[in-house]
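One structure is given here, and the rest of the page talks about it.
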């Protein structure tokens, strides 16, 4: 535990001195330890005999990284600021790494990552505020407000939404029409789908406390509803979207009835089975779903009726643009962004309505709910229905984006992935779930970018293959350090004087 | 003798069996409107089982629990309602409910019977204020147009929510917890949690409030405060109380009517002064087996 954690923190100059000394010491230890491992390497020479080679740059990189990390650890008090600084450090190192080791000289990538990393490191210092611990604060009311003021929070979310709206245009400007496809599609759209699914599942798991391991079933219902209605009845996406939501909500209620009396492991098992049943029905009911082969040539998304084609009546021609497939991708990005934001705002609003409070009360204590005249049956069913509805919306978006669906997109792995996002983000926290989706989905995609690791581990090394290993490890570490997810505190839905976050250890986890 | 002249709750021939165990055996008693009725008895006498039957958490094996919510109900009206399959009927003075036919949440929502629990059941992770707002779920749900209007931001929900906060503030003031309204309920000390649970039940505007050992774990000072609070509920709020209590200071000081249970059977029923000197009660509490000895003890006391 660094000295800076003391309540009486030392003067700034003294602290800087201390931090530099600590950092130097850590770097020296790093050099000492890494000298035999990193700096000296034995590699076969032309005669196939082992020869000693020196890799000083590796050793110094390790020393600089470890020294800087120690510096930040001593200088910064709050874990949030430390996390930011370390992330910035890694980002900078990644930028240098691509340039120095992998020889990628594209100034946009190298400069961009390094600049972002340095910015993050600098931002860590103003972001460094005393640790927010609502639990202890509640016991000593003399301490000042323990949470972000609501104006700062709303500014933050406005900035976040603005950044998301600007994202595809920035990518387009930065990487050009062809290069930006990967960023908007693989990162932007893919992450937003999982953000939306995470927010939808958050209603069931995070708010109502009902563990649902078969959430992907509703995603599948939404996708197949759109695919079948569009291919068989020629209905447009905008008509199918609400129908898909209603259909998924209907199946949510259908799942809800048998599981009303179940708790914990039993609830998890039945929802898991439900997901499998839907998957098997989609696979085997070939007359309706075309089985494993799936549904092909699902009508693609149109700009409110104007198709994204190169022809006369296409989007590009009508708006006087040069045709490019990126237009459709950008439109899809804004579509899923809008859907995700609707999910978010609906959830935030529901939390302040009696139904949302009843969900949270249900998670805390079901018997007390019944003693207060809350119909727990209806409360659970609405949670399942609304959660499923948002899953259904996401599903129909998935179908219109892919243009092709088959049952293999809706396996248990997807359910587990969505649940992991909710748990990792912190059950019930909207921002936490979004962060977790970025880390998990974005992280998977980012593994594809780590080509420079081939320089370290050889040409056969494919970082994507280590995806599950890395996430398994990350999950274990998270459960050790932050067992309740990124955002573990609960924000009250209403307050008299000030909004104090509720400590995680008081918040119930539901019966599942 | 309001439990005879104007009974609110009629428990008649209530029997509750769990497998081979007879927890409550043919119990009949009434609770008067505006009274504090105490249900006492040694551990395991079946008091909490009676509570759970009245509030719908258990379905009684046999018996009738009639609740004349608004005013004295004629026996003929109750008998007529019993003949039908309905849960709820009307008499000249207002609504009658047959509680043994109703699910738990309807008993609290419609019949206006609220309860607290022996082991406190607050929503620990929600704030004190949120606990009191959740208790007003049903009127707020209606004001939010069963969520639809509230989601769109139209309708009277905002105004009704403000009213709900006012009501919560009123009760927080009564239990001296206004300062802690924004703290998590689980952060409160034990005594405050007990009082908060009572305030939460009162936010439902109950006609009858059932308190399961409200003084358990309280120190003498807190117990005295609790007595004042309970008397206030009866005198100012016109709420009838039914309480299970082991603390005889509470029972004898504030109750108007005491019902004594032992092994699921009623052994005494009457005003506190009469109960105090009842030989059967003393025998049950002191564990005296011999009838003569019990009478001897009773003779010493009086």
### Query
Looking at (1) within 14 Å of chain B (Cβ to nearest Cβ); (2) part of a loop (DSSP other than H, G, I, E, B), which is the one condition that is false for residue A:386?
(2)
### Message
Given the criteria crowded, with 24+ Cβ neighbours inside 10 Å and either facing another protein chain (nearest Cβ under 9 Å) or not in a helix (DSSP H, G or I) (or both), does residue A:394 qualify?
### Response
no
### Task
Filter the range B:140-190 for residues that are more than 10 Å from chain A (Cβ to nearest Cβ), in a helix (DSSP H, G or I) and over 16 Å from residue A:357 (Cα atoms) and give the result.
B:159, B:163, B:166, B:167, B:170, B:171, B:173, B:174, B:190
### Single unsatisfied condition, residue A:458 versus (1) within 14 Å of another protein chain (Cβ to nearest Cβ); (2) modelled with pLDDT under 80; (3) out of contact with any helix residue (DSSP H, G or I) (no Cβ under 8 Å at 6 or more places or on another chain)
(1)
### Task
Restricting attention to helices (runs of 4 or more DSSP H) lying wholly within the range B:1-102, give those where 1 or more residues are crowded, with 16+ Cβ neighbours inside 10 Å, within 14 Å of chain A (Cβ to nearest Cβ) and touching a strand residue (DSSP E or B) at 6+ places or on another chain (Cβ under 6 Å).
B:47-54
### Query
From the list B:242, B:218, which one is within 29 Å of residue B:24 (Cα to Cα) and in a loop (DSSP other than H, G, I, E, B)?
B:218
#### Entry: Selected residue (criterion: nearest to residue B:172 (Cα to Cα)) from residues of the range B:105-121 that are within 7 Å of another protein chain (Cβ to nearest Cβ) and surrounded by fewer than 24 Cβ atoms within 10 Å (Cβ to Cβ)
B:121
### Task
Return only the number of the condition from (1) surrounded by fewer than 17 Cβ atoms within 10 Å (Cβ to Cβ); (2) under 30 Å from residue B:122 (Cα atoms); (3) free of Cβ contacts under 8 Å to residues at least 24 places away in the same chain that residue A:321 does not satisfy.
(2)
### Criterion (in contact (Cβ under 8 Å) with a residue 60 or more places away in the chain and in contact with a helix residue (DSSP H, G or I) (Cβ under 8 Å, 6 or more places away or on another chain)) met by exactly one of A:403, A:395
A:395
### Query
Does residue A:413 fit the bill of being crowded, with 21+ Cβ neighbours inside 10 Å, away from every other protein chain (no Cβ under 14 Å) and under 21 Å from the mean Cα position of the chain (by Cα)?
no
### Check on residue B:119, without any contact (Cβ under 8 Å) to a residue 60 or more places away in the chain, closer than 27 Å to residue B:238 by Cα and part of a loop (DSSP other than H, G, I, E, B)
yes
### Query
Just a yes or no: is a residue in the range A:441-460 touching a residue at least 40 places away in the same chain (Cβ under 8 Å), crowded, with 19+ Cβ neighbours inside 10 Å and not in a loop (DSSP other than H, G, I, E, B)?
yes
### Task
Check residue A:373 against each of (1) within 13 Å of chain B (Cβ to nearest Cβ); (2) on the phi < 0 side of the Ramachandran plot and name the one condition it does not meet.
(2)
#### Entry: Some residue of the range A:290-304 being modelled with pLDDT of 90 or more, closer than 30 Å to residue B:165 by Cα and either away from every other protein chain (no Cβ under 11 Å) or not in a helix (DSSP H, G or I) (or both)
no
### Query
Just a yes or no: is a residue in the range A:347-364 under 22 Å from the mean Cα position of the chain (by Cα), free of Cβ contacts under 8 Å to residues at least 24 places away in the same chain, within 7 Å of chain B (Cβ to nearest Cβ) and in a helix (DSSP H, G or I)?
yes
### Query
What number goes with the only condition from (1) over 21 Å from the mean Cα position of the chain (by Cα); (2) within 14 Å of chain B (Cβ to nearest Cβ) that residue A:342 does not pass?
(1)
### Task
Could you tell me which numbered condition residue A:258 fails, if it satisfies all but one of (1) out of contact with any strand residue (DSSP E or B) (no Cβ under 7 Å at 6 or more places or on another chain); (2) surrounded by fewer than 22 Cβ atoms within 10 Å (Cβ to Cβ); (3) touching a residue at least 40 places away in the same chain (Cβ under 8 Å)?
(3)
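Assess whether residue A:79 counts as being surrounded by fewer than 16 Cβ atoms within 10 Å (Cβ to Cβ) and closer than 30 Å to residue A:14 by Cβ.
yes
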#### Entry: Enumeration of residues in the range A:365-392 that are free of Cβ contacts under 8 Å to residues at least 60 places away in the same chain and closer than 25 Å to residue B:156 by Cβ
A:369, A:372, A:373, A:374, A:375, A:378, A:382
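The values are calculated or read from the model by the stated rules, or taken from the named source; none is laboratory data. Please read all numbers here as calculations on a predicted model, not as lab measurements. Every residue, glycine among them, receives a Cβ derived from its backbone with ideal geometry; neighbour counts consider all protein chains shown.
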